[in-house]
Amino acid sequence: MTLIDPLTLEAASEDQLSLVSVPLDLPPVDQSLAAEHGEVFTRSWVVELILDLCGYTPDKDLGSMTIVEPSCGSGAFLGPMVERLVASAQIHHRDLNSCESAIRASDLLDRNVELSRTRIQELLERLSSISISRSQELADAWVAQADFLLTPPHAGSADFVVGNPPYIRSEAIPSARNKAYRLACPTMGGRADIYIGFYEKGLRALKPHGILGFICADRWMRNAYGSKLRKMISSRWSVESIVHMTGVDAFEDEVDAYPSITTIRRGPQEDGPLVVDACHDFGPSTTQEVVELNQDKNVGTKNEPTYSSARLSTWFDGAGGWPTASPERLVLIADLETRFPNLEDERTGTKVGIGVATGADKIFIVDGDPPGVEAERLLPLAMVRNIQDGSVNWGGKKLVNPWSQEGLVSTEDWPGMTAYLEPHKIALSDRHTAKSGKWHKTIDRVIEGLVDRPKLYLPDFKESIFPVLDEGGTYPHHNLYWVISDSWDLRVLGGLLLSDISNMFIEAYSARMSGGYLRFHAQYLRRICLPNISDVSSEAASSLAEAFESRDRKAATQAALPLYGLKVLPA
């Protein structure tokens with residue numbers, strides 16, 4: 001194993017990162033607290049589906065390959081793996097005694113190791129002719145007590161990595177072990193669940209063209225804590241298939257999770273993945289259909305009673321969140337993203353931003369004109385409640401603005417502003433943003449000139465996208481996002497944003513909050529694709545502007561669809 005200083009992790013090679021280790025003088029794991037180690041046992045038909053999707057099938061000479069199971073539990077995956085290995089050995093006339101390196105499984109808990117070894121011995125004794133003593137030797141060779149994140153396989157040593165990695169939030173892991181995991185697994189950023197590390201170490205263990213198949217919670221595909229893993233995958237791996245199984249009875253116990261089966265191959269993304277949305281009744285009777293669809297690179301969309309599926313032409317790369325939608329909508333989104341520019345586009349001078357956060361709204365936001373504060377230091381402030389009816393109705397709130405075009409203003413140059421803020425200096429200095437000594441600054445810098453510029457406002461929380469035109473004269477509060485453009489007529493752009501097409505992008509990239517609300521963060525708004533401005537005829541522009549001004553979402557959608565080459569939006 002190789003010790004790499006955490007400061008050099010970003011510059012380390014893939015192979016170096018796969019070998020990152022840490023000193024193992026950690027407190028022992030409490031073996032009695034199995035539930036705290038994220039044990040969720042997978043139903044046998046789900047295991048069989050994962051193995052089939054990965055291609056771990058007896059028609060291959062499995063004895064000449066290596067499959068890794070990083071958290072084997074009591075053997076839910078190991079049982080079918082051994083059965084397939086024995087069948088393969090018989091087909092290919094391979095002696096099982098030569099298969100000591102065919103399986104590499106591990107678990108953190110001693111009792112799980114013993115349960116798995118016992119299960120293997122029983123299977124070998126039932127399915128093969130090897131001796132009892134040899135079956136025990138193979139079981140001992142195939143299953144080890146180990147912490148997979150700290151003692152991973154060597155880079156490029158595995159043909160397959162499969163399993164159901166444990167679900168444990170980082171704050172639930174003892175501090176010393178959590179620090180060790182984060183040193184060993186650079187993708188475990190923020191509040192990452194431990195399964196992020198299992199993906200990372202499993203992927204790095206793959207040989208070229210090797211494949212990983214996990215069933216796991218799908219939140220990492222969208223959330224910020226999965227960004228480093230998504231970026232890593234897009235660099236050297238390809239997404240082969242995703243089977244979303246929310247609501248499917250996939251585990252032995254009832255689990256409050258959003259599971260998906262994901263298969264990822266080591267190698268560049270050449271074909272798009274198969275994406276499947278499984279319904280509640282999805283089960284063993286339909287898994288073979290999905291396996292056959294996965295093998296067919298030319299399959300289109302399918303809508304069956306227990307699932308819907310589609311083959312995408314490409315996949316979504318980089319650290320950004322992966323969209324979640326019906327397979328048909330994912331196909332459309334992938335197609336639109338290859339054919340059309342994004343909302344934020346330097347060619348049209350279209351930009352997206354967020355309003356000002358102060359860190360002390362009760363101090364910086366005032367009603368009217370506080371006595372003595374210079375007029376130049378006051379900005380009319382638009383709040384979410386000021387745009388509820390689809391137009392800007394300024395409510396009289398103003399921002400005490402400590403910024404100029406040159407940067408943070410000097411308190412000595414603006415005595416009126418300073419006299420107003422001075423009684424609050426202790427409270428303002430306690431904010432994190434003021435730790436540098438600039439006690440009068442707001443969290444966000446005010447953008448010079450934005451107050452006078454025409455712009456579209458979009459509230460952060462809303463059931464559906466809700467653009468509102470500000471002709472100029474207000475500055476947005478931090479719960480409002482803004483869009484400006486050098487080229488677009490903002491009423492035409494507002495009509496495009498009002499349409500169901502733009503809303504489709506937000507629904508795909510943003511998780512719905514309680515009450516059915518969507519988040520309209522800048523990162524999601526930037527994923528909206530627009531038609532090329534040169535392709536928008538005067539007639540189409542007029543229809544979009546009229547739909548925007550009348551707040552007619554249906555009319556906006558009908559005017560927008562032909563600009564994308566569409567007749568209808570898939571459900």
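The values are calculated or read from the model by the stated rules, or taken from the named source; none is laboratory data. Treat the numbers as computed from the prediction; the structure is a model and nothing was measured. Cβ placement follows ideal geometry from the backbone for every residue including glycine, while neighbour counts extend to all protein chains displayed. All accessible areas refer to the heavy atoms of the entire protein, side chains included, with ligands and DNA or RNA removed. Shrake-Rupley method; radii C 1.70, N 1.55, O 1.52, S 1.80 Å.
Residue by residue, here is whether (1) of a type in the set (A, V, I, L, M); (2) in contact with a strand residue (DSSP E or B) (Cβ under 8 Å, 6 or more places away or on another chain) holds:
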residue	(1), (2)
Thr287	no, no
Glu292	no, no
Val299	yes, yes
Thr324	no, yes
Ala334	yes, no
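For the stretch 539-549, the condition of being open to solvent by 20 Å² or more (accessible area, probe 1.4 Å), in a loop (DSSP other than H, G, I, E, B) and in contact (Cβ under 8 Å) with a residue 12 or more places away in the chain holds for none of the residues.
Does the stretch 259-272 contain any residue that is more than 24 Å from Val161 (Cα to Cα), assigned to a loop (DSSP other than H, G, I, E, B) and either open to solvent by 30 Å² or more (accessible area, probe 1.4 Å) or among the basic types (Lys, Arg) (or both)? No, the conditions are met nowhere in the stretch 259-272. Of all residues in the stretch 111-129, those satisfying the criterion of being over 14 Å from Ser74 (Cα atoms), open to solvent by 30 Å² or more (accessible area, probe 1.4 Å) and not polar (S, T, N, Q) are Glu125, Arg126, Leu127.
Just so you know, in the stretch 84-99 the residues that are modelled with pLDDT of 95 or more and within 24 Å of Ala146 (Cα to Cα) include one that is surrounded by the most Cβ atoms within 10 Å (Cβ to Cβ), and it is Leu85.
Scanning the stretch 171-192 for residues that are open to solvent by less than 10 Å² (accessible area, probe 1.4 Å), under 23 Å from Thr42 (Cα atoms) and outside any loop (DSSP other than H, G, I, E, B) gives no hits.
Applying a threshold of 8 Å to beta carbon distances and a minimum spacing of six or more residues, or different chains, the list of pairs starting in the stretch 160-187 at a residue that is closer than 19 Å to Arg219 by Cα and ending at one that is of a type in the set (Phe, Trp, Tyr) and open to solvent by 50 Å² or more (accessible area, probe 1.4 Å) reads Asn164/Phe41. Among all positions in the stretch 478-491, there is at least one residue which is assigned to a helix (DSSP H, G or I) and farther than 30 Å from Ile443 by Cβ. So is Asp107 acidic (Asp, Glu), at negative phi and surrounded by 22 or more Cβ atoms within 10 Å (Cβ to Cβ) or not? Yes.
Note on the stretch 345-361: residues that are in contact with a helix residue (DSSP H, G or I) (Cβ under 8 Å, 6 or more places away or on another chain) and either of a type outside the set (A, V, I, L, M) or assigned to a strand (DSSP E or B) (or both) total 7.
Residues are listed down the side, and each one gets a yes or a no for (1) in a loop (DSSP other than H, G, I, E, B); (2) within 27 Å of Glu471 (Cα to Cα); (3) open to solvent by 50 Å² or more (accessible area, probe 1.4 Å); (4) touching a residue at least 40 places away in the same chain (Cβ under 8 Å):
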| site | (1), (2), (3), (4) |
| --- | --- |
| Pro305 | yes, no, yes, no |
| Ala310 | no, no, no, no |
| Pro323 | yes, no, no, yes |
| Arg329 | no, no, no, yes |
| Ile363 | no, no, no, yes |
| Leu381 | no, yes, no, yes |
| Arg385 | no, yes, yes, no |
| Gly390 | yes, yes, no, yes |
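Scan the stretch 491-509 for residues that are in contact with a strand residue (DSSP E or B) (Cβ under 6 Å, 6 or more places away or on another chain) and either free of Cβ contacts under 8 Å to residues at least 24 places away in the same chain or under 17 Å from Glu539 (Cα atoms) (or both) and the total you get is 1. Consider Lys438 carefully, then state whether it is open to solvent by 10 Å² or more (accessible area, probe 1.4 Å) and either of a type outside the set (S, T, N, Q) or free of Cβ contacts under 8 Å to residues at least 12 places away in the same chain (or both). Taking the combined requirement at face value, the residue satisfies it. From the list Glu448, Glu463, Glu471, the one residue that fits, being under 27 Å from Val331 (Cβ atoms) and either touching a Phe, Trp or Tyr at 6+ places or on another chain (Cβ under 9 Å) or surrounded by fewer than 21 Cβ atoms within 10 Å (Cβ to Cβ) (or both), is Glu463. When Ser410 is tested against (1) open to solvent by 10 Å² or more (accessible area, probe 1.4 Å); (2) outside any loop (DSSP other than H, G, I, E, B), only condition (2) is not met.
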